[in-house]
Amino acid sequence: PLAGSPAVRIVTAAITAHLVLSYPLLAITPEAALEGLLRVESRAAPLLWRIGVRSAFVAFTAAVALLVRTPERFGPLLDLVSSCTSTFTVFLLPSAFYLKLRGVRGMHPLEVAWNGLIVAFASVGAVFGTLDAIDALAKSV
């Protein structure tokens, strides 16, 4: 009943505008890292190189978006990204940094064991989550 209503069109337009306008904010960090890796500033025509690298980056993200445009493919891709990033930012890195900053020698053995257990279980979860997501992506293609 709501499929063609003006409210649905307005919401669709707002979401589309949000995605199009927020893309540069999210893409600038990896693009800058890629430009640094390729040493764009030290090349003969850095502006042309920068335009080329950024255009290739946009083309790559568009190709990924076209490949995963169905729900059967989007879910496994989201699982893959989440198992590779969320596990590290939520479990692995905080525990590892805590151990590094506090120093293992100055900590109670149970505290070290607890953080080690978090790192161990999170690592296993990341590996299995990544393997499962890759398997699901391979089956969806």
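Structure notes:
- Test set (1) closer than 30 Å to D132 by Cα; (2) modelled with pLDDT of 90 or more; (3) open to solvent by less than 90 Å² (accessible area, probe 1.4 Å); (4) in contact with a helix residue (DSSP H, G or I) (Cβ under 7 Å, 6 or more places away or on another chain) - P94 fails condition number: (4)
- Lone qualifier among G125, G116, G129 - being open to solvent by less than 50 Å² (accessible area, probe 1.4 Å), touching an Asp or Glu at 6+ places or on another chain (Cβ under 8 Å) and at pLDDT 90 or above: G129
- Close pairs from region 118-131: first among the acidic types (D, E), partner open to solvent by less than 30 Å² (accessible area, probe 1.4 Å) and in a helix (DSSP H, G or I), Cβ under 7 Å, at least 6 apart: none
- Residue match in region 70-82 (condition: without any contact (Cβ under 8 Å) to a residue 40 or more places away in the chain, touching an Asp or Glu at 6+ places or on another chain (Cβ under 9 Å) and open to solvent by less than 90 Å² (accessible area, probe 1.4 Å)): no
- Residue selected from region 12-61 under the condition of a type in the set (S, T, N, Q) and farther than 30 Å from L2 by Cβ, by the criterion surrounded by the most Cβ atoms within 10 Å (Cβ to Cβ): T61
- First in region 27-46 and farther than 18 Å from V64 by Cα, second anywhere and surrounded by 10 or more Cβ atoms within 10 Å (Cβ to Cβ) and among the aliphatic types (A, V, I, L, M), Cβ under 8 Å, 6 or more apart: E35/V53; L38/V53; V40/V53; P46/V40
- Qualifying residue in region 132-141 (condition: of a type in the set (V, I, T), closer than 20 Å to V64 by Cα, modelled with pLDDT of 90 or more and in contact with a helix residue (DSSP H, G or I) (Cβ under 7 Å, 6 or more places away or on another chain)): yes
- Filtered by the rule that a residue be loosely packed, with under 15 Cβ neighbours inside 10 Å and not in a helix (DSSP H, G or I), region 97-113 gives G103, H108.
- Within the set A63, A44, the sole residue that is in a helix (DSSP H, G or I) and of a type in the set (A, V, I, L, M, F, W, C) turns out to be A63.
The values are calculated or read from the model by the stated rules, or taken from the named source; none is laboratory data. What you see is a predicted model, and the numbers here were worked out from it, not measured in a lab. Because the Cβ atoms are built from the backbone with ideal geometry, glycine has one as well, and the counts that use them run over all protein chains shown. Keep in mind that these areas ignore ligands, DNA and RNA; they rest on the heavy atoms of the full protein, side chains included. Shrake-Rupley method; radii C 1.70, N 1.55, O 1.52, S 1.80 Å.
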